[in-house]
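J.: What follows is a single structure, and I will ask about it in a moment.
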Amino acid sequence: MEWARLQALPQPLTPRDRLAIPCQEMPAQESLARAQNMQEVTLGYSDEQARVEAERCLQCRNAPCVQGCPVRIQIPQFIAALAAGNPARAIAIIRETSLLPAVCGRVCPQEMQCQAHCTVGKSLKSVDQAVAIGRLERYAADWERTHGAVSPPVVAPATGKKVAVVGSGPAGITVAADVRRAGHEVVLFEAFHKAGGVLVYGIPEFRLPKTIVQAELDALQQMGVTIRTNFVVGRTRKITDLITKDGFDAVFVGSGAGLPKFMEIEGENLVGVYSANEYLTRSNLMKAYDRERAETPIPSARRVAVLGGGNVAMDAARTALRLGAQEVHLIYRRTEVEMPARAEEVRHAKEEGVRIHVLQNAKRILGANGHVTGIECLRHELGDPDSSGRRRSMVIPDSEFQLPIEAVIVAIGNQSNPLIKQTTEGLDVDQWGRIVTDQQGHTSLPNVFAGGDIVLGTATVILAMGEGRRAAAAINEMLQQENSAGVPARHS
Amino acid sequence: MNQILFKEQLSPDVYRLRVRAPLIAEERQPGQFVILQLDTEYGERIPLTIADADTEEGSITLIVQAVGKSTILLGQMPVGGRIANLVGPLGRPTHIEKVGRVVCVGGGIGVAPLYPIAQGMKKAGNHLTVVIGARTKDLMILEQEMRALADEVLICTDDGTYGHHGLVTAPLKELCAGAPKPDLVVAIGPPLMMKFCAETTKPYGVPTVVSLNSIMIDGTGMCGGCRVTVGGKTKFVCVDGPEFDGHQVDFDQLIQRLGSYRKQETIAADGCHLHTEAKKKGLVE
């Protein structure tokens, strides 16, 4: 309807016309129904909606949105292609810079990145009114996949060089693709029995269907990347052995942040307290939500508390609902404004019935006979901004209150996994255990690169991808120099 | 990879398997474990300690007690069968050095992971005493292997059908009270046994290492399901252990956490036992 109205207007549309087009809401499963199933919540734009939304873009010459994108997708160009009804062209533009558009279109915090800079949003005085760049990116990527239009990138002739990529999450997938394209042999190592990293064990099906991740992994294999699951680099093989014994010319470490933080409060080791990593891995990777078929159990708690305010906390809370919890209480010590979660996830969580308690924090977890029975919280208030710019959360003394709870999920982030550090001599890490690298991803060891959460601490899919692209470029450059010099020109 | 090369029943519920895993065989050290899964889509991941390895054959030895669904199914797999997923070696290796007199105490299936540690301790030049305990004579495993290795082997059964009548803590206490007293005790077995071993050695000030086998999913530090309180601090068995100072471990908490899924596990194992029985009687496929 809106499309017909737009076509009736004198062309080309004026900026005033464009600003008057209503932001297209993405269709979603009805909130109460979806809280009972694992299928994807949002359904994606129709062809017409995508064109209407694309027409909202003002095609700003300075393209402020691009500055907000960690991998600098040429946003106005791909949106113009969509407006012209050419999704094939749109996805080709996106793929010049992004390797995982179907993933990023779904999980990027766009309101803090590209959409935060959008002129339309600024003109309409709300970031919620910005052009829905993420939804358009998703539309283009889904169009490509569902139309069988995905063609694996062209691979350069074999160079005889071999690269090990450690970890098959967003950083690893990116490096594997970019390095393979340059003609190097690539082996992608994964510790779990399935590849995909956080995209598979962490982000739930209802937010990122596994078939989408699988399509990306299939594409890698079509390019000739070898995926080796059940291989813990550091334990099954040390990094240095990959180079000295197994003939790899370079190693990229993208093993993720991976060690869950706990609150360090009383009662945290009671039965019924989970890290979000464990809870989500049980449900996602191990498919515990399928109680009939899965052998991995997951608690069927009626009253669940989730501690934290990030995307992982929202994922855990919404998973708990889908596993049959009658009450899910999400406890966050600041306010909704400071929540690191994507606005859409917070909104979806609330619609589905998650009860969000702000300005509260857990003081201790109560138990009987070793099992969780409740949680004692303290009320907080906001003080002055801290070093991160977020307002400090301050305890209100003597404000304790208790909630009866059967399970607690701790979702307050991850610290660095010590496994690689423990098993790799000479690899420099900082005080938090993150691998130290330069801008290109070089570590303190020759021919060893790193990127993603193991370098950044807990970050996002797109930042990991950006890091991966830079490291892959550095690896390709190093290997090309070695080849043209005829001798290994080892980086030191 | 992962084919079962050899299988032997050691006692009514205990099987010894040699599994093809050349990389794990090459890298494994005493004290380390593997995680295996029998079905990629719906199987559970279970940790099992590596009892031995043969680098020439490219195999590792697992000793499995058929107590849960996956271990029951594993015990039923034929030679030539392939384990869908096998990953390792995981965990930090045992710290092995010459300390003088070492007492290795194994209870039940715990004798299996103890074996490579005892091997290492002997090889390092220690005087080695091995104490093996089992509920009854038929459940005793690896006795001959331990006798071939150790300077002294002491046997205990709960029901007195073999060796000393009683628990492993009785000979352990005598060893600690004797002269020269042990310089190190390594105790591996059911959590309750390890708890009482640690309590036995504590008054004598004998350093005591225990190896914990807790609930875990990934085995690389990611899930935190294996956490246990050691010396008042939370530790992850998979990346900080599996071995810890037995005098510092909160065993009561460990035992409670191990029981987290007792109900679900019992239902699954019962279903599996029923199926096995039904199969024997030709009632199902």
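J.: With the solvent-accessible surface defined on protein heavy atoms using a 1.4 Å probe, which residues belonging to the stretch B:18-66 display a reduction of at least 30 Å² in accessible area in the multichain context relative to the isolated chain?
T.: The answer is B:Leu23, B:Glu27, B:Thr40, B:Glu41, B:Tyr42, B:Glu44, B:Arg45 - residues whose exposure falls by at least 30 Å² when every protein chain is included.
J.: Hey, another quick one. Report relative contact order for chain A in percent, whole number only (criteria: Cα-Cα under 8 Å, sequence separation at least 6).
T.: Details: 1009 pairs, mean separation 70.7, N = 492.
Reported as a whole number, the value is 14 percent.
J.: Find the centroid of the Cα atoms in the stretch B:1-55 and in the stretch A:223-284, then give the distance between the two in whole Å.
T.: Measuring centre to centre over Cα atoms gives 20 Å.
J.: The stretch B:123-194 to the stretch A:416-467: how many Å between their Cα centroids?
T.: 45
J.: Projected onto the charge dipole of the stretch B:63-149 (+1 at Lys/Arg Cβ, -1 at Asp/Glu Cβ, origin at the Cα centre), which of B:Pro89, B:Leu149, B:Leu73 gives the Cα projection farthest towards the positive end?
T.: After comparing all options, I get B:Pro89.
J.: Now for a different question. Can you compute the modelled spin-label distance between B:Ala124 and A:Ser387, with each label point 7 Å from Cα toward Cβ, in nm?
T.: 4.1
J.: Follow-up. To the nearest 10 Å², what's A:Thr226's accessible area with a 1.4 Å probe?
T.: That residue has around 70 Å² of solvent-accessible surface.
J.: Moving on to the next point. Looking at B:His165, B:Pro47, A:Ala250, which one has the Cα that reaches farthest to the positive end of the dipole of the protein assembly as shown (charges on Cβ: Lys, Arg +1; Asp, Glu -1)?
T.: It is A:Ala250.
J.: Leaving ligands, DNA and RNA out of it, report the carbon-plus-sulfur percent of the accessible area of the stretch B:101-211 at a 1.4 Å probe. Each step should come with its number before you reach the end.
T.: On the way: 2460 of 4480 Å².
In the stretch B:101-211, the share of accessible area belonging to carbon and sulfur is 55 percent.
J.: Here is a further query. How large is the accessible surface of A:Ser388 in square angstrom, using a 1.4 angstrom probe and rounding to the nearest 10?
T.: Roll a 1.4 Å probe over it and A:Ser388 shows about 80 Å².
J.: Another question, if that's okay. List the residues of the stretch B:75-106 whose backbone N lies under 13 Å from a point placed 7 Å from the Cα of B:Ala177 along the Cα-to-Cβ direction.
T.: Residues passing the 13 Å test: none.
J.: Sequence neighbours fewer than 8 away in the same chain don't count; with that in mind, list the lysines whose C-alpha is under 16 Å from A:Lys363.
T.: Cross-link targets: A:Lys261.
J.: Evaluate the relative contact order of the stretch A:343-488 (contact order divided by residue number), counting alpha-carbon pairs under 8 angstrom at least 6 apart; express in whole percent.
T.: Reported as a whole number, the value is 12 percent.
J.: Suppose accessible area is computed on protein heavy atoms with a 1.4 Å probe; arrange A:Thr458, A:Thr281 from highest to lowest. Please report the intermediate quantities before stating the final value.
T.: Working: A:Thr458 85, A:Thr281 0 Å².
Per-residue accessible area, sorted high to low, gives A:Thr458, A:Thr281.
J.: Related question: So if each residue of separation counts as 0.36 nm, and I subtract the Cα-Cα distance between B:Asn2 and B:Val99, what length gain in nm does that give?
T.: Working: separation 97, 0.36 × 97 = 34.92 nm, distance 3.68 nm.
Value of the extension gain: 31.2 nm.
J.: Roll a 1.4 angstrom probe over the protein heavy atoms and tell me the percent of accessible area of chain A that is carbon or sulfur. Let's see the in-between values first.
T.: Working: 9880 of 19700 Å².
Result for chain A: 50 percent of the exposed heavy-atom area is carbon or sulfur.
J.: Give the residues of the stretch B:133-150 whose amide nitrogen is closer than 18 Å to a point set 7 Å from the Cα of B:Ala170 in the direction of its Cβ.
T.: Flagged as within label range: B:133-140.
J.: For the stretch B:101-211, what is the charge dipole size about the Cα centre, in debye to the nearest 20, if Lys and Arg each add +1 at the Cβ and Asp and Glu each add -1 at the Cβ? Write out the running numbers ahead of the final one.
T.: Working: 10 positive and 10 negative charges, 53 e Å.
With Lys and Arg at +1 and Asp and Glu at -1, about 260 debye.
J.: For the pairs A:Lys194/B:Lys98; A:Lys194/A:Lys245; A:Lys350/B:Lys235; A:Lys162/B:Lys7, flag any whose C-alpha to C-alpha distance is greater than 30 Å.
T.: On the way: A:Lys194/B:Lys98 41 Å; A:Lys194/A:Lys245 26 Å; A:Lys350/B:Lys235 35 Å; A:Lys162/B:Lys7 38 Å.
Pairs exceeding 30 Å: A:Lys194/B:Lys98; A:Lys350/B:Lys235; A:Lys162/B:Lys7.
J.: Kindly state, to the nearest 0.05, the FRET efficiency for A:Asn369 paired with B:Lys233, given R0 = 22 Å and r defined as their beta-carbon distance.
T.: 0.40
J.: Additional query: I'd like the interface area for chains A and B: accessible area of each alone minus the complex, both sides summed, 1.4 Å probe, protein heavy atoms only. What is it in Å² to the nearest 100?
T.: Details: alone 21570 and 13890 Å², together 31630 Å².
Roughly 3800 Å² of accessible surface disappears when A and B pair.
J.: What's the FRET efficiency of A:Glu2 with A:Ser484 using the Cβ-Cβ distance as r and R₀ = 60 Å, to the nearest 0.05?
T.: Numbers: r = 56 Å, r/R0 = 0.93.
So the FRET efficiency works out to roughly 0.60.
J.: Right, something else. Using a ≥ b ≥ c from the Cα gyration tensor of chain A (square roots of the eigenvalues), is it rounded, prolate or oblate, where a/c under 1.5 gives rounded and otherwise the larger of a/b and b/c decides, a/b for prolate? Display every interim value, and only then the final one.
T.: Values: a/c = 1.69, a/b = 1.06, b/c = 1.60.
Taking the square roots of the gyration eigenvalues as a ≥ b ≥ c, chain A is oblate.
J.: Taking each residue in B:227-236, count the Cβ atoms of any other chain within 10 Å of its Cβ, then average. What number comes out? Working shown, then result.
T.: Values: counts 7, 1, 2, 0, 0, 0, 1, 4, 0, 3.
Per-residue shielding by partner chains comes out at 2.
J.: Could you calculate the FRET efficiency of B:Asp158 with A:Asp241 from 1/(1 + (r/R0)^6), where r is the beta carbon distance between them and R0 is 56 Å, rounded to 0.05? Display every interim value, and only then the final one.
T.: Numbers: r = 45 Å, r/R0 = 0.81.
FRET efficiency, B:Asp158 to A:Asp241: 0.80.
J.: Follow-up question, since we're still on this one. Which sequence of A:Ser300, A:Ser255 reflects their accessible areas, 1.4 Å probe, from the largest down? The partial results should precede the final answer.
T.: Details: A:Ser300 85, A:Ser255 50 Å².
Listed by decreasing accessible area, they come as A:Ser300, A:Ser255.
J.: Now for a separate question. Under a plain spin-label model, where a point goes 7 Å from the Cα along Cα-to-Cβ, how far apart in nm are A:Thr14 and A:Gln422?
T.: 6.8
J.: Under the definition of Cα pairs under 8 Å and six or more residues apart, what whole-number percent is the relative contact order of the stretch A:260-414?
T.: This gives 31 percent for the stretch A:260-414.
J.: Calculate the spin-label point distance for A:Glu264 paired with B:Glu57, positioning each point 7 Å from the Cα along the beta-carbon direction, and give it in nanometres.
T.: My value for the distance between the label points is 4.8 nm.
J.: Determine the dipole magnitude for chain A: charges of +1 sit on the beta-carbon of Lys and Arg, -1 on that of Asp and Glu, nothing else is charged, the reference point is the Cα centre, and the result goes in debye to the nearest 20.
T.: Details: 54 positive and 54 negative charges, 82 e Å.
Here the size comes out at about 400 debye.
J.: Can I ask one more? Find how much the distance from A:Arg347 to A:Asn86 grows on full extension, using 0.36 nm per residue of separation minus their present alpha carbon separation; answer in nm with one decimal.
T.: 90.8 nm
J.: Could I ask something else about it? Considering the convex hull of the alpha carbon atoms of the stretch A:260-414, report its projected area averaged over all viewing directions, in nm², one decimal.
T.: On the way: hull surface 37.0 nm².
If you wrap the Cα atoms of the stretch A:260-414 in a convex hull and average its projections, you get 9.3 nm².
J.: Averaged per residue, what accessible area in Å² does the protein assembly as shown show with a 1.4 Å probe, protein chains only?
T.: Working: 31630 Å² over 777 residues.
Per-residue accessible area for the protein assembly as shown comes out at 41 Å².
J.: Among A:Ala50, A:Trp3, A:Ala90, flag the residue with its Cα farthest along the positive direction of the charge dipole of the stretch A:2-146, charges on Cβ as +1 for Lys/Arg and -1 for Asp/Glu.
T.: Positive-most Cα among the choices belongs to A:Ala90.
J.: Count of lysine pairs in the stretch B:101-211 with Cα atoms under 18 Å apart, counting only pairs 8 or more residues apart in sequence or on different chains? Display every interim value, and only then the final one.
T.: Numbers: B:Lys122/B:Lys181; B:Lys173/B:Lys181; B:Lys173/B:Lys195; B:Lys173/B:Lys202; B:Lys181/B:Lys202.
So the count works out to 5.
J.: Which of the peptides B:88-98, B:157-167, A:286-296 is most tightly packed, and how do the rest follow, judged by the mean count of other Cβ atoms within 10 Å per residue? Let's see the in-between values first.
T.: Working: B:88-98: 19.6, B:157-167: 15.5, A:286-296: 17.3.
Going by the mean number of other Cβ atoms within 10 Å, highest first, we get B:88-98, A:286-296, B:157-167.
J.: Could you pull out the GluC sites (Glu not before Pro) across the stretch B:99-176 that fall in loop regions by DSSP (anything but H, G, I, E, B) with no more than 14 other Cβ atoms inside 10 Å? Walk me through the numbers on the way to the answer.
T.: Numbers: sites: B:Glu143, B:Glu145, B:Glu152, B:Glu174; in loops: none.
Nothing satisfies the criteria.
J.: Hey, another quick one. Based on DSSP, what percent of beta bridges with both residues in the protein assembly as shown are antiparallel, to the nearest 5? Could you put the intermediate results ahead of the total?
T.: Values: 56 of 112 bridges.
Roughly 50 percent of the beta bridges in the protein assembly as shown run antiparallel, per DSSP.
J.: Still on this structure, I have one more. Students sometimes get this wrong: rank A:Glu25, A:Glu344 by accessible area, probe 1.4 Å, all chains present, largest first. Before the final figure, lay out each step's value.
T.: Numbers: A:Glu25 110, A:Glu344 30 Å².
Putting A:Glu25, A:Glu344 in descending order of accessible area: A:Glu25, A:Glu344.
J.: Another question about this same structure. Quick one: net charge around B:Gln32, please, counting Lys, Arg +1 and Asp, Glu -1 for every other residue with C-beta under 15 Å from its C-beta. Before the final figure, lay out each step's value.
T.: On the way: positive: A:Arg235, A:Arg237, A:Lys238, B:Arg28, B:Arg92; negative: B:Glu26, B:Glu27, B:Asp52, B:Asp240, B:Glu243.
My count for the surroundings of B:Gln32 gives 0.
The values are calculated or read from the model by the stated rules, or taken from the named source; none is laboratory data. Since we're looking at a predicted model, the values are computed, not measured. Glycine gets a Cβ as well: all are built from the backbone with ideal geometry, and neighbour counts include every protein chain shown. Surface accessibility is based on the protein's heavy atoms, side chains included, excluding ligands, DNA and RNA. Shrake-Rupley method; radii C 1.70, N 1.55, O 1.52, S 1.80 Å.
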